Amino acid sequence: MKKTRSFSLVFVMLLALVVALPLGGCSWFTSSTATTQPSGDIVVVSAEKSLEAAFTVIDGFLLAEHQNRDYIKSKLPAVHATAEQLRRESPAMLREAGDAIAAYKAARAEIQRDAMESKLASVSQMAAQARTALATINKP
Amino acid sequence: MQIISLILAILSVVEQSATTVDKLIEIGRRSGELTDDQLADLRARMASAFAAPHWRPDSPATLPPLNDSGTGPA
């Protein structure tokens with residue numbers, strides 16, 4: 001009887017250990033890496049995605065235009081003009097949008113959020129110009 | 001000759017568009033904020049792209065040459 005009781009006790013302790021170890025291990029693991037774990041601020045997520053997408057679209061358009069520069073310059077001067085404008089103006093805007101996101105992430109204050117959203121609006125507008133110009137080149 | 005360059009231009013643009021769309025899909029799949037390192041990496045990628053040939057304008061915006069007295073455009 002005593003033997004069965006101690007066996008049950010050991011069994012329960014082992015079971016607790018088996019359940020607790022992975023959980024404890026996980027929480028220890030996540031807490032040790034939590035400093036770099038991103039939070040889910042939708043404003044930031046959307047801002048970062050917008051910045052990355054705008055950069056990708058503008059970069060793709062400028063590369064396509066550059067690879068066919070002579071042809072586009074002679075046949076599609078408006079597209080070339082858009083590319084030139086983006087080359088001159090978008091680097092500063094993209095840089096400033098990146099700075100604004102970093103500033104908002106550091107402070108999480110409304111004033112930084114407004115500044116960030118205003119920069120991203122300009123950047124998104126430039127990306128829209130790039131998309132339209134890319135579509136113009138694609139047009140048969 | 002012109003038809004060939006037109007076809008080549010369209011092909012290169014289509015290829016570039018496909019690459020761009022792939023990258024955009026990848027961005028869309030991500031949920032959650034970038035870590036500080038990832039944001040720094042994105043900004044570094046942008047900075048290095050700005051130095052690439054396709055980001056360089058034909059001619060940088062320059063002021064017209066000055067007249068002899070240096071008081072206005074020639």
Residues of segment A:46-59 being at the interface with chain B (Cβ under 7 Å from one of its Cβ atoms), closer than 18 Å to A:ARG88 by Cβ and in contact (Cβ under 8 Å) with a residue 12 or more places away in the chain, which ones? A:PHE55, A:VAL57
Restricting to segment B:26-38, and then to whatever is under 16 Å from A:ALA54 (Cβ atoms) and modelled with pLDDT under 85, can you tell me which residue is farthest from the chain's Cα centre (by Cα)? B:ARG30
Working carefully through the options B:ALA9, B:ALA18, find the one that is at the interface with another protein chain (Cβ under 7 Å from one of its Cβ atoms) and either at pLDDT below 90 or assigned to a loop (DSSP other than H, G, I, E, B) (or both). B:ALA9
When restricted to A:GLU96, A:GLU89, A:GLU52, the only residue part of a helix (DSSP H, G or I), in contact with a Leu (Cβ under 7 Å, 6 or more places away or on another chain) and modelled with pLDDT of 95 or more is A:GLU52
Which one is nearest to the chain's Cα centre (by Cα), of the residues in segment B:40-74 that are within 7 Å of another protein chain (Cβ to nearest Cβ) and either at pLDDT below 95 or more than 24 Å from A:ALA100 (Cα to Cα) (or both)? B:HIS54
One residue from A:ALA106, A:ALA92 being over 18 Å from the mean Cα position of the chain (by Cα), aliphatic (A, V, I, L, M) and surrounded by fewer than 18 Cβ atoms within 10 Å (Cβ to Cβ): A:ALA92
Restricting to segment A:65-85, name every residue that is surrounded by fewer than 19 Cβ atoms within 10 Å (Cβ to Cβ), under 16 Å from A:GLN129 (Cα atoms) and either in contact with a Gly (Cβ under 7 Å, 6 or more places away or on another chain) or more than 8 Å from chain B (Cβ to nearest Cβ) (or both). A:PRO77, A:ALA78, A:ALA81, A:GLN85
Cβ-Cβ distance below 6 Å, separation of 6 or more or different chains: which pairs start in segment B:1-16 with a residue that is farther than 12 Å from A:LYS139 by Cα and end on one that is modelled with pLDDT of 80 or more and in a helix (DSSP H, G or I)? B:SER5/A:TYR71; B:SER12/A:GLN67; B:GLN16/A:GLY60; B:GLN16/A:LEU63; B:GLN16/A:ALA64
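The values are calculated or read from the model by the stated rules, or taken from the named source; none is laboratory data. Given the structure is predicted, the values throughout are model-derived calculations rather than measurements. Cβ atoms come from the backbone with ideal geometry, glycine included; neighbour counts cover every protein chain shown.
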